[in-house]
Amino acid sequence: MTDFTLPEDTKALARRVRQFVIERVIPYERDPRLTQHGPNDDLRAELVALAKAEGLLTPQAPKELGGMGFDHATQAAVFEAAGWSTLGPVAMNCAAPDEGNMYLLSRIARPDQVKQFLQPMIDGHRRSVFAMTEPDGAGSDPGQLKTRAVFNGNDYEISGLKWLITGANGAKTWIIMANVEPNPHGPHGPTLFLTEGDTPGIQIERVMDSMDRNYVEGHCVVRFEGLRLGPSHILGEIGSAFRYAQMRLAPARLTHCMRWLGAAARCQHIALEHARVRTAFGKPLLHHQGVNFMLADNEIALHQARLAIRHVAWLLDNGVRARHESSIVKASVSEELFKVADRCVQILGGIGVTSETVVEMIFRDMRPFRLYDGPTEVHKYAIATQLERQGSAFTDPVGW
């Protein structure tokens, strides 16, 4: 039976996180170090120090590695509270892409790789990238992977062009997806490599201009040329990159939803307060049906998103892979939360499109959420494919 009751200690923790974000993090939203390309590393380090001092750093990481070891259900409450500001997850070291990369590394990295690459991430000392997306190759369809790794019996020479590589500028832990070419020395196929960011052959060509600015150091175009990595740099097994990517993406889709739920809830809070005090045509905006219907639609969407997120968190905590269900939630929640932000801009009127409130920034930052970790259309395609495979709709009243 699915139990949506949050334990009292989880409720208390979520309140503490929300208060921390309000009192300590939100003042940084107007800091000049929050640039057009996202918070820079200096701002991140300062925020991480605040969360560490409060005992709120890296809530998702295993306890044995210094994290707080929370399950997915607890993360749902904590990440939503952190998401009240887009800087909240940055401060608490649970923002993308690091959170998803930590999840993957904690499951498939060797002990020596954990020590070198993962532990410093959990401690908040370094950031990471997951270098998969290509301008003319891998993206929503990773099967189009074009980055090559040629093995000569001693080293893999990796060459290719990646873009939209989030946080690449200054990141120290690099996970690189490349296709190991057939060779006489061993297995081949799509493979993950793990290396340091200052390894010769990793060239950051430029930081891309984008409409969002909530990811540390933005998104980059990266070229691999003359990058040589030995077999010790292989992450997991050769040829298993797509399987590992799916292992990472199912929970990562969900944590995206958790964080953005918090941001959308803040938009609703700001719009509601505005509607209470702003008057038009002789009464507060809140008393006009056109406005209060939008607020009601928002509240419905927030409630449905929260329930959907908690259901999939429950599935994951009970050992279900939940790829199908996480696709449903990512497609639904990303679309509905963007509508929430859009309606909040509308309720705020003129100031809604200015930086007088944080709603305008959240609106812009949230729009790419509908694309990251798979656009809505790809998730719908996957959902429909699963329906065809199982031969009937997911309508079993005891399907949960």
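The values are calculated or read from the model by the stated rules, or taken from the named source; none is laboratory data. Since the model is a prediction, treat every value here as computed from it, not as a measurement. So basically every Cβ, Gly included, is an ideal-geometry build from the backbone, and we count neighbours across all protein chains shown.
Annotations for the structure displayed:
- On inspection, Ala149 fails the criterion of being surrounded by 21 or more Cβ atoms within 10 Å (Cβ to Cβ) and farther than 27 Å from Arg223 by Cα.
- Near pairs, Cβ below 6 angstrom, 6+ apart or cross-chain, from the stretch 68-83 (charged (D, E, K, R)) to any residue that is surrounded by 22 or more Cβ atoms within 10 Å (Cβ to Cβ) and in a helix (DSSP H, G or I): Glu80/Met258; Glu80/Leu261; Glu80/Gly262
Conditions (1) in the same structural domain as Leu371 (by TED's automatic domain parsing); (2) of a type outside the set (Phe, Trp, Tyr); (3) touching a Leu at 6+ places or on another chain (Cβ under 6 Å); (4) modelled with pLDDT under 95, marked per residue:
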position: Ala250; (1), (2), (3), (4): yes, yes, no, yes
position: Arg266; (1), (2), (3), (4): yes, yes, no, no
position: Arg276; (1), (2), (3), (4): yes, yes, yes, no
position: Val291; (1), (2), (3), (4): yes, yes, yes, no
position: Asn298; (1), (2), (3), (4): yes, yes, no, no
position: His303; (1), (2), (3), (4): yes, yes, no, no
position: Arg306; (1), (2), (3), (4): yes, yes, no, no
position: Arg310; (1), (2), (3), (4): yes, yes, no, no
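- Any hit, the stretch 87-102, residues being surrounded by fewer than 20 Cβ atoms within 10 Å (Cβ to Cβ) and in contact with a helix residue (DSSP H, G or I) (Cβ under 6 Å, 6 or more places away or on another chain): no
- Residue match in the stretch 276-289 (condition: over 21 Å from the mean Cα position of the chain (by Cα), part of a helix (DSSP H, G or I), crowded, with 21+ Cβ neighbours inside 10 Å and of a type in the set (Lys, Arg)): no
- Checking every residue in the stretch 222-233 against the condition of being without any contact (Cβ under 8 Å) to a residue 24 or more places away in the chain, in a loop (DSSP other than H, G, I, E, B), surrounded by fewer than 23 Cβ atoms within 10 Å (Cβ to Cβ) and outside the structural domain of Met361 (by TED's automatic domain parsing) gives zero matches.
- Qualifying residue in the stretch 238-251 (condition: without any contact (Cβ under 8 Å) to a residue 40 or more places away in the chain and assigned to a helix (DSSP H, G or I)): yes
- Here Glu325 fulfils each of the conditions (1) part of a loop (DSSP other than H, G, I, E, B); (2) farther than 20 Å from Ala271 by Cβ apart from (1).
- Applying the condition of being assigned to a helix (DSSP H, G or I) and of a type in the set (Asp, Glu) to the stretch 11-66 and asking which residue is surrounded by the most Cβ atoms within 10 Å (Cβ to Cβ) yields Asp41.
- Residue list for the stretch 67-82, filter: surrounded by 24 or more Cβ atoms within 10 Å (Cβ to Cβ) and either within 20 Å of Arg33 (Cβ to Cβ) or of a type in the set (D, E, K, R) (or both): Glu80, Ala82
- Residue among Ala77, Ala45 that alone is outside the structural domain of Val216 (by TED's automatic domain parsing), under 28 Å from Lys115 (Cα atoms) and among the aliphatic types (A, V, I, L, M): Ala45
One line per residue, one yes/no per condition, for (1) exposed (fewer than 14 other Cβ atoms within 10 Å of the Cβ); (2) in contact with a strand residue (DSSP E or B) (Cβ under 7 Å, 6 or more places away or on another chain); (3) assigned to a strand (DSSP E or B):
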residue	(1), (2), (3)
Leu192	no, yes, yes
Thr199	no, yes, no
Val207	no, yes, yes
Asp212	no, no, no
Tyr215	no, yes, no
Cys220	no, yes, yes
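- For the stretch 95-131, filtering for residues that are within 15 Å of the chain's Cα centre (by Cα) and more than 20 Å from Asp198 (Cβ to Cβ) leaves 7.
- Of the residues making up the stretch 40-61, those that are of a type in the set (S, T, N, Q) and under 18 Å from Val216 (Cα atoms) are Asn40, Thr58.
- Scanning the stretch 141-171 for residues that are free of Cβ contacts under 8 Å to residues at least 60 places away in the same chain and touching a Lys or Arg at 6+ places or on another chain (Cβ under 9 Å) yields Ala168, Ala171.
- Filter result for Gly139 (within 17 Å of Glu237 (Cα to Cα) and modelled with pLDDT under 95): no
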